[in-house]
Structures are given as C-alpha cells and as structure tokens.
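For reference, the structure discussed in these notes is given below.
The values are calculated or read from the model by the stated rules, or taken from the named source; none is laboratory data. Computed from a predicted model, the values in this text were never measured in an experiment. Methodologically, a virtual Cβ is constructed for each residue, glycine included, from the backbone with ideal geometry; neighbour enumeration extends over all protein chains shown. Accessible surface areas use protein heavy atoms only, side chains included; no ligands, DNA or RNA. Shrake-Rupley method; radii C 1.70, N 1.55, O 1.52, S 1.80 Å.
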Amino acid sequence: VTRKVRFLMTGANVSHLSLVHDDSAGYVDSWKRHLLAEDYRPLTIWTYGKCLDAFGKWLENSGRSTDLLLVSRRDCEAWFAHMTEAGNASNTKRSRWSAMRNFFGWLVAEDEIATNPMERIAVKREANEDTRILTEDEITQLLATCDGKAFNERRDRAIILFMLTTGVRKFECAA
C-alpha cells in the first residue's frame, strides 16, 4: 500500500458506525477505493471521508440508526436542516451534499441499497463572487512586508510569489 493510498484510507473514522456486515468500515473503504480508481483527487477523497464521519457522528448523537444501509431521506434532510440551524456555510453544506450523494449513489450502483436517500435532496449552490485581482501597487506593498533576509521573510516571499504566478488557491497552498 502506497503512502498516498494509506492517507486516503484514513480520511474517515467510521468505527462508530454499525454497518450490516462485520467490517464496519468495509463500505466506506470500498467506496474510497472506487473514488481512487475513478481518479478523484486525494483531498476530495479525504474530504468525502470526513463528511461521512461527521454524518455518522450526527446520526449517533441524534439517536438515529447508524447503519448506513438504513439511512432514509428523512435522516439526510434532518442532517442538512441541522447544519443550517448550526450556521454552516452554504459551501460546507454543498460539499457534504456532494459526498453523500456520491456515496449513496455508489451503494445503489453496487446493489447494496435500492434507492439513494439523497436523490431528491437539493442544496443550493452559493453564487461565486468574482475574485478581485490585486493591483501592481498592492502587490508591491504585499511583497514589501517580506523584505529581509530572515528565514520567515524569505519563506513568506516565496509563498506569495508562488501564489501570484500560479493562481493556486489559499487552501491548496496550505495543504
């Protein structure tokens, strides 16, 4: 097992889920292998796994069945309502919706469940704000904050220049 695959397989701690089969993480592990085979990005697979973990914890804390094969549309709707009440951002709910829809769709394709409980659940996509482009003066001011020869200043300057020249997003750079 490669380091990359080990990283992917640790994305969800599903030990508290009581699935029908003996291996409680079997479905999630199989689904993650499927995502890997489908060439999903490692961060996406890890995020999807964390989503299932959060859903399982919510099921447990709300006194619902933690058997993922018995999850109903009402369970899913209640979770999304809970996230709204808790003040979760639209993008958070959308990414969790995507993960849940993918997972339960996979269970349907594998003939483990008859219908996808996420099938008629919709989460609105948040309107993307236009990314503001920095002016030359702003870039000059930003780079001026890292003038110097100390390690931190050189590191910060390198990161800023990397981000400016590649267009990488901040969370991608931080990962």
Task: Overall Cα dimensions of the stretch 20-114, principal axis frame, Å, largest first - done: 36, 29, 20
TODO: Taking H placed 1.01 Å from N in the peptide plane, check which residues at least 5 places from Thr66 or on another chain put their amide H under 5 Å from its amide H.
DONE: Ser18
- [ ] Determine, from the Cβ-Cβ distance of Arg33 and Thr131 and an R0 of 35 Å, the FRET efficiency 1/(1 + (r/R0)^6), rounded to the nearest 0.05.
- [x] 0.50
Open item on the list: Can you classify the stretch 60-118 as rounded, prolate or oblate using the Cα gyration tensor, where a ≥ b ≥ c are the square roots of its eigenvalues, rounded means a/c under 1.5, and otherwise it's prolate if a/b beats b/c and oblate if not?
Closed with: oblate
Task: the stretch 142-175: trypsin sites (Lys or Arg not before Pro) in DSSP loop, at most 11 other beta carbons within 10 Å - done: Lys149, Arg169
Task: Within the accessible area of the stretch 93-175 (1.4 Å probe), percent carbon and sulfur - done: 50 percent
TODO: Just reorder Arg132, Arg94 by solvent-accessible area, largest first, 1.4 Å probe, all chains present.
DONE: Arg132, Arg94
TODO: At 1.4 Å probe size, with every protein chain present, just tell me what the per residue accessible area of the stretch 60-159 comes to in Å².
DONE: 71 Å²
